[in-house]
Amino acid sequence: HAKRLGGDRQEVYRPILRPLGKNVVDIESDLREAIKKETLGVFFQPIIRLEDQSIAGFEVLARWTHPKRGKIAPSDFIPVAEQSSLINELGTYMLDKGAQQLSAWQREFPMTKPLFVSINMSSRQLLKHDLINEVKAVLSRSSLATGTLKLELTESLVMSNPEYSAKVLERLRALGAGLSLDDFGTGHSSLSYLQRFPFDTIKIDQSFVKADGKATRPVLLRSIVAMGHDLGMSVVAEGAENEADALELYQLGCQYAQGFFFGLPMPGAEATKLLRSIPAETETEAEPS
Ligand code: C2E
Ligand code: MG
Ligand code: MG
Ligand code: MG
């Protein structure tokens, strides 16, 4: 049966004490320092295959404990990083750490369907950075199974410069990177993105799953899932917080889910322990029938 992975700790963030405006410069230089010293946390949240509740992969999420201010949420420090080129350094750091961890996992846990990691991208990275060469370099030094290094992009990100984004995404895909459309359904004219850009995965925004008790929830979820599958895409639902969410998603035909019910974002070492605690794939194929 489904178990909440990664312990019972609640993730509680203290809001930044004073308005960010005044402290942006401090925050920015402290964050730069954290990346340089590699104290910025790289956490992994399991993405579950609903049919058998196995771990399909992990989303990579940045975590920061400031030496004086304590925990600061990504929703507070990512926008600060995005105001400067620091987001490129943060992006490179998360990409390197995520790919390194995935490479170690693929060696230790060979699976018929290899584990994946999914890394969040900011628009600045896509538009102003030499992302193609960076991803190429990461892929060539980490020998990952094709498509298992996934990049998560949002609608607003690709739409800020659709023509250029389409080209970059085509090239990333040609390199063998997976492409996930994050927070699906929260932007405008979402459907056009699906034909315009080469995404292989839709991540349904957690607001659709959270609409618990609303009559629209099963209708919208079922429609998005069916559309994704008809387009040959994988569909991941975000924000599965309890067993009822997980069950409903499964019954609606959704293949993958992510959320506090299945596991909180956790450090790589903890995720490794979790993977070790799960019995290896049985070698039934090798047995005489
Ligand atoms: P996101 O990419 O949509 O990530 C999912 C967010 O939902 C994460 O928040 C995750 O902790 C949270 N979450 C997961 N399961 C549940 C659940 O069951 N219930 C609820 N209520 N929330 C759940 P987090 O880690 O605070 O990150 C927030 C956003 O910050 C991310 O949204 C992403 O846009 C951004 N972010 C985080 N790490 C990075 C990074 O390394 N690079 C970039 N560019 N952005 C990042
Ligand atoms: Mg994401
Ligand atoms: Mg998301
Ligand atoms: Mg989000």
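The values are calculated or read from the model by the stated rules, or taken from the named source; none is laboratory data. Being a predicted model, the structure only gives us computed values, none of them experimental. Cβ sites come from the backbone with ideal geometry, for glycine too, and all protein chains shown count toward neighbours. Side chains included, ligands, DNA and RNA excluded: accessible areas come from the protein's heavy atoms. Shrake-Rupley method; radii C 1.70, N 1.55, O 1.52, S 1.80 Å.
Computed values, structure above
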{"quantity": "Antiparallel %, DSSP beta bridges [both residues in the chain], to 5", "calculated": "40"}
{"quantity": "Label-point separation in nm, GLU38 to LEU175, each point 7 Å along Cα→Cβ", "calculated": "2.2"}
{"quantity": "For the chain, built as a Gaussian network whose Cα springs stay under 10 Å, the top-fluctuating residue of GLU59, GLU163, GLU28", "calculated": "GLU163"}
{"quantity": "Accessible-area composition of region 43-105, carbon plus sulfur, in percent [1.4 Å probe]", "calculated": "50"}
{"quantity": "Probe 1.4 Å, protein heavy atoms only - accessible area per residue of the chain in square angstrom", "calculated": "50"}
{"quantity": "Electrostatic dipole magnitude of the chain [Cβ: Lys, Arg +1; Asp, Glu -1; Cα centre; debye, to 20]", "calculated": "780"}
{"quantity": "Kyte-Doolittle at least 1.6, axis length at least 15 Å by Cα - qualifying DSSP helices, the chain", "calculated": "none"}
{"quantity": "Expected 222 nm ellipticity per residue - DSSP helices of 4 or more, -39500 (n - 2.57), all of the chain, to 500", "calculated": "-14000 deg cm²/dmol"}
{"quantity": "Sequence ranges 60-67, 191-198, ranked by mean other-Cβ count within 10 angstrom, highest first", "calculated": "60-67, 191-198"}
{"quantity": "Given charges at beta-carbon only (K, R positive; D, E negative), |dipole| of region 117-236 in Debye", "calculated": "100"}
